[in-house]
Amino acid sequence: MKKALITGITWQDWAYLAELLLSKWYEVHWIKRRTSLFNTDRIDHLYQDIHNPNLKFHLHYGDLTDSANLIKLISDIKPDEIYNLAAQSHVAVSFDMPEYTANADWIWTLRLLEAIRIAWLEKTTKFYQASTSELFWGLDYNRPLAWYTEESPMHPRSPYWCAKLYAMWITRNYKESYDMFACNGILFNHESPIRWETFVTRKITMAVAKISLWLQDKLFLGNLDAKRDWWHAKDYVEAMWMMLQQDKPEDFVISTWESYSVREFVNWSFEEAWIEIEWRWEWIDEKWYDKSTWKCIVEIDKKYFRPAEVDFLLWDSSKARNVLLWKPKYTVQMMCKEMVASDIEKFKKQEILKKHWYEILNQYE
Ligand code: NAP
Ligand code: G4F
């Protein structure tokens with residue numbers, strides 16, 4: 001039975017990756033930093049009682065700011081595979097907290113790689129680094145009008161991407177210097193119903209669900225014309241696992257060859273909630289109206305524009321498709337449908353619960 005260690009456990013990618021590895025009979029170890037509130041709802045369904053003699057799912061308190069803790073954990077567990085997903089992964093936040101982001105997204109990766117070496121596991125443990133698609137921007141002059149590949153020149157446009165660029169190169173450097181199995185997954189935006197609430201897709205589907213249930217009046221957004229290659233996280237975690245099953249470590253671009261604007265995603269989401277919309281220009285700003293009531297339900301707020309933006313990216317994932325035989329199962333529209341439906345369901349349940357409590361409390365008045 002293989003052992004996998006995953007950092008960054010409480011959020012989207014981890015939850016799907018853990019599900020996948022458990023279904024493949026891995027023993028899964030997770031590192032969770034201590035928080036004052038429980039934030040494990042995305043993975044509670046995977047939890048196993050620690051007294052279970054066949055326990056496959058082990059929790060370790062750990063923090064990527066703490067080298068001694070990492071060295072001890074890695075020496076004790078001796079994992080066959082490490083997936084480094086922990087990060088400060090919000091691009092807009094990285095402009096507000098550049099120093100923390102540098103620590104989180106660059107130094108932590110170096111710490112993990114060093115911990116593997118100090119534990120004498122560099123020849124046996126395979127290492128996956130969660131790299132990102134937005135290391136590239138502008139034209140690739142070697143391939144004008146073509147898609148980016150693993151070899152395209154890099155031009156990061158935020159403190160987050162600068163930090164991730166270092167992490168990518170230090171992973172490559174450890175591979176070359178110490179002959180480690182270390183590789184980067186250069187992944188595009190992947191989303192799902194359990195995506196963190198302030199990334200744009202989830203922000204949209206939650207707002208659309210609430211607007212459809214009369215729980216919210218308006219959605220404020222930034223740049224509607226930015227284009228992304230959005231896909232379902234379930235398809236992407238499969239690619240992460242496949243990269244570590246290769247005979248030699250290589251970096252792979254994981255993308256779908258499609259790119260859509262934030263505006264298109266907003267449109268699909270309202271369609272899923274059966275709300276007909278019409279957008280109009282008012283002065284310099286665009287506003288969107290609910291056609292049944294003519295209430296304004298979407299507005300632009302400059303606060304959500306970034307100091308530097310990546311407007312458009314297209315990536316060529318043919319290497320992953322040919323070598324890993326990776327192929328996505330979802331479409332972006334299927335994912336959007338799933339996200340809107342799941343948020344509507346969630347808020348309906350919350351409202352029913354609130355009503356229930358209200359009725360109980362009323363009995364005591
Ligand atoms: P995410 O939702 O932001 O999750 C980050 C995880 O890191 C959380 O579980 C967080 O735990 C953990 N973490 C933060 N600080 C930590 C610390 N000091 N010690 C231990 N754990 C810590 O990220 P995601 O969307 O699942 O993405 C996973 C990885 O893929 C990230 O590295 C991201 O940069 C990269 N990536 C994501 C995408 C995408 O579109 N999703 C695309 C390309 C690359 P808490 O709950 O305690 O905060
Ligand atoms: O959802 P976003 O915040 O994701 P972004 O910046 O593309 O980053 C995500 O994908 C990367 C991989 O490509 C990861 F490395 C990273 O960790 C993260 O998961 O924003 C998407 C687009 C941007 O162009 C942004 O300007 O949506 C635009 N946008 C417009 N209004 C907004 C908003 N983004 C957010 N978060 N909130 C808005 O109100």
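The values are calculated or read from the model by the stated rules, or taken from the named source; none is laboratory data. Keep in mind it's a predicted model, so treat the numbers as computed, not measured. Note that each Cβ is placed from the backbone with ideal geometry, even for glycine, and that neighbours are counted across all protein chains shown. Surface areas here come from the heavy atoms of the whole protein model, side chains and all, with no ligands, DNA or RNA. Shrake-Rupley method; radii C 1.70, N 1.55, O 1.52, S 1.80 Å.
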Q.
Among the residues of segment 288-306, what is the count of those that are more than 17 Å from SER269 (Cβ to Cβ) and either assigned to a strand (DSSP E or B) or among the β-branched types (Val, Ile, Thr) (or both)?
A. 1
Q.
Can you find, within segment 307-348, the residue that is farthest from THR198 (Cα to Cα) among those that are open to solvent by 40 Å² or more (accessible area, probe 1.4 Å), more than 16 Å from ligand 2 (Cβ to nearest atom) and assigned to a loop (DSSP other than H, G, I, E, B)?
A. LEU325
Q. Does ASP235 satisfy the criteria of being acidic (Asp, Glu) and more than 16 Å from ligand 1 (Cβ to nearest atom)?
A. no
Q | Whichever residue in segment 258-274 is of a type in the set (A, V, I, L, M, F, W, C) and assigned to a helix (DSSP H, G or I) and, among such residues, is most open to solvent (accessible area, probe 1.4 Å) | A | TRP268
(Q) Of everything in segment 21-39, what is in a helix (DSSP H, G or I) and either open to solvent by 30 Å² or more (accessible area, probe 1.4 Å) or at positive phi (or both)? Give them in sequence order. (A) LEU22, SER23
Q.
Within segment 156-246, considering only helices (runs of 4 or more DSSP H) that don't extend past its boundaries, which have at least 2 residues that are among the aromatic types (Phe, Trp, Tyr) and out of contact with any strand residue (DSSP E or B) (no Cβ under 6 Å at 6 or more places or on another chain)?
A. 159-178
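To keep it simple, each residue is scored yes or no on (1) more than 30 Å from LYS348 (Cβ to Cβ); (2) at pLDDT below 90; (3) open to solvent by less than 50 Å² (accessible area, probe 1.4 Å).
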{"position": "GLY185", "(1), (2), (3)": "yes, no, yes"}
{"position": "GLU191", "(1), (2), (3)": "no, no, yes"}
{"position": "ARG195", "(1), (2), (3)": "no, no, yes"}
{"position": "ALA209", "(1), (2), (3)": "no, no, yes"}
{"position": "ASN223", "(1), (2), (3)": "yes, no, yes"}
{"position": "ASP229", "(1), (2), (3)": "yes, yes, yes"}
{"position": "ALA239", "(1), (2), (3)": "yes, no, yes"}
{"position": "LEU244", "(1), (2), (3)": "yes, no, yes"}
{"position": "THR256", "(1), (2), (3)": "yes, yes, yes"}
Q.
List the helices (runs of 4 or more DSSP H) inside segment 66-129, counting only whole elements, that have at least 1 residues being open to solvent by less than 10 Å² (accessible area, probe 1.4 Å) and within 16 Å of ligand 2 (Cβ to nearest atom).
A. 91-96, 98-102, 108-118
Q) Any idea which residue in segment 197-207 is farthest from ligand 1 (Cβ to nearest atom), counting only those that are open to solvent by 20 Å² or more (accessible area, probe 1.4 Å) and of a type in the set (A, V, I, L, M)? A) MET206
Q. Which one of the conditions (1) under 22 Å from the mean Cα position of the chain (by Cα); (2) open to solvent by less than 60 Å² (accessible area, probe 1.4 Å) does CYS296 fail to meet, given that it meets all the rest?
A. (1)
Q: Tally the residues that are among the hydrophobic types (A, V, I, L, M, F, W, C) and either touching a residue at least 40 places away in the same chain (Cβ under 8 Å) or surrounded by fewer than 16 Cβ atoms within 10 Å (Cβ to Cβ) (or both), restricting the search to segment 40-55.
A: 2
Q. Exactly one of (1) open to solvent by less than 10 Å² (accessible area, probe 1.4 Å); (2) of a type in the set (S, T, N, Q); (3) in contact with a helix residue (DSSP H, G or I) (Cβ under 6 Å, 6 or more places away or on another chain) is unmet by THR171. Its number?
A. (3)
Q. Out of curiosity, is HIS58 modelled with pLDDT of 85 or more and away from ligand 2 (no atom under 16 Å from the Cβ)?
A. yes
Q. From the set of residues in segment 1-20 that are of a type in the set (A, V, I, L, M) and modelled with pLDDT of 85 or more, which is most open to solvent (accessible area, probe 1.4 Å)?
A. MET1
